[in-house]
Amino acid sequence: MGFMGQTISISLYRVIGRLPKKDLEEWMAERLRRNRFQAIEGATTEKARGWVCLDDPNDATFENYRLFIRPPYVCFSLRTDERKIAPALLRNRFDLECRKWLAGHPDFKWVPRQRKTELQELVRQRLLAKTLAVPSGFDIVWHTQTGRVMVGSLSLKDLEAFEGQAKNSFSDVGLEALHPMALARNLLNDGDRGKLDGLNKSSGQDVVDQIKENRWLGQEFLLWLLHASETTAGEFTVRAEGPGALGELFEARVDSRVVLDGGAEDPRKVTVTGSQAAYREVREALRNDLQPAEATLYMLKDEEAWKLTLKGETFRFGSFKTPKVHIERDELTDETDEREAVFYERMHLLESGFQMFESLLQEFLELRLSRRWSERLSAMRAWQKSRS
């Protein structure tokens, strides 16, 4: 279902650079068409990849702007069709072809190397022509005003494919993965951003290095959430920009599932499931020098609930579940209008969830970069040691 389903996994990016102020729709359409999906039926191509419309994976024309441009969003999907031949089948057919060739050339005891290569390619092409391509894909939603891009996948293979396709299609602008340090910097003012930079343990701008060297940020954020979930009422205020009014109250807590590990060089890993009312198992793991790596986060506002699995190392969101979309439908409603209504309601719910998450992160960062952090850290250490 992608972004139109109730649950989706999301990786965040940010577009760096200015979009054209005039003719943005045509600019976007031209670049999507430039690398659009082209079907490989009737050919022997192994793989095809390209952009398609969000609501219809078989539409790669990008002629009807309403299907992919919904201000302030641009929405589309990356489709990949791939043919795969079972190695055993390829080997079996190749052996048969070699036998046929030897039967027709009795002067040879074995097939020459060059001819083997030709026969193998011939068999592969024949099998590809008879093999149906298997389609797969994921959705992308780009907020053109904030620059935030939501990619509907956590797979490293998918994200690499998206980054490569986006680079080819939108070479006018850059793309930044919003890992913990990058997302935190975006939420801070200049003064606090400087303080955070002083804590940055990575010396370069490489994304992989930034994530690896700054695992502490996600660990401390999750630890702070765990501590707050048990020792406070779990009430927070909206601080970040978004659809909700600043100062609104919401509830947040870690519950159901927590994963703790020992880091890259320590194979130990503990998964605690079920109600975390007492957090005894979590505190026991913390006392054994394991750190929180992943947790299920619940957020509630106006009697509606959001649920997600936060990956602490990358700040990617697994199984992000929002309240249900409620759209009134009738026989007179135009299908395109209905799709747009569902899309905008879905985006509102997702943006509300991100606003609450970023508000939590802002509150943590404000504390982490202040003189009050040492006091809170002492309280969290005492909580870890408690066995009650």
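The values are calculated or read from the model by the stated rules, or taken from the named source; none is laboratory data. These numbers come from a predicted model, not from an experiment. We place every Cβ from the backbone using ideal geometry, glycine too, and count neighbours over all the protein chains shown. Accessible surface areas use protein heavy atoms only, side chains included; no ligands, DNA or RNA. Shrake-Rupley method; radii C 1.70, N 1.55, O 1.52, S 1.80 Å.
Some notes on this structure:
- Of all residues in the range 152-193, exactly one satisfies the criterion of being in contact (Cβ under 8 Å) with a residue 12 or more places away in the chain, open to solvent by 50 Å² or more (accessible area, probe 1.4 Å), out of contact with any strand residue (DSSP E or B) (no Cβ under 8 Å at 6 or more places or on another chain) and within 22 Å of W216 (Cβ to Cβ), namely R185.
- One residue stands out among those in the range 65-111 that are of a type in the set (K, R) and assigned to a helix (DSSP H, G or I): the one that is nearest to the chain's Cα centre (by Cα), which is R66.
- Any chance F68 is touching a residue at least 60 places away in the same chain (Cβ under 8 Å) and not β-branched (V, I, T): no
- For T333, the conditions (1) touching a residue at least 12 places away in the same chain (Cβ under 8 Å); (2) in a loop (DSSP other than H, G, I, E, B); (3) open to solvent by 30 Å² or more (accessible area, probe 1.4 Å) are fulfilled apart from (1).
- Across the range 289-303, the qualifying residues are those that are more than 12 Å from A252 (Cα to Cα), touching a residue at least 24 places away in the same chain (Cβ under 8 Å) and not aliphatic (A, V, I, L, M), and the one among them that is least open to solvent (accessible area, probe 1.4 Å) is P292.
- Residues of the range 112-148 classified as part of a strand (DSSP E or B) and either among the charged types (D, E, K, R) or within 13 Å of S77 (Cβ to Cβ) (or both), total: 9
- Residue in the range 5-51 that is surrounded by the most Cβ atoms within 10 Å (Cβ to Cβ), counting only those that are more than 25 Å from L183 (Cα to Cα) and touching a Leu at 6+ places or on another chain (Cβ under 8 Å): W51
- Qualifying positions in the range 58-81 - of a type in the set (D, E, K, R) and open to solvent by 50 Å² or more (accessible area, probe 1.4 Å): E63, R66
- Within the range 220-265, the set of residues being of a type outside the set (D, E), over 24 Å from R381 (Cβ atoms) and open to solvent by 10 Å² or more (accessible area, probe 1.4 Å) comprises T237, R239, G242, P243, G244, A245, L246, G247, L249, S256.
- Residue ID - modelled with the lowest pLDDT, chosen from residues in the range 271-281 that are open to solvent by less than 50 Å² (accessible area, probe 1.4 Å) and closer than 13 Å to A295 by Cα: Q276
- P87 vs. criteria open to solvent by 80 Å² or more (accessible area, probe 1.4 Å), out of contact with any strand residue (DSSP E or B) (no Cβ under 6 Å at 6 or more places or on another chain) and free of Cβ contacts under 8 Å to residues at least 12 places away in the same chain: yes
- Selection within the range 231-253 - part of a strand (DSSP E or B) and either in contact (Cβ under 8 Å) with a residue 60 or more places away in the chain or within 26 Å of the chain's Cα centre (by Cα) (or both): F236, T237, F250, E251, A252, R253
- Qualifying residue in the range 307-327 (condition: without any contact (Cβ under 8 Å) to a residue 12 or more places away in the chain and either surrounded by fewer than 19 Cβ atoms within 10 Å (Cβ to Cβ) or aromatic (F, W, Y) (or both)): no
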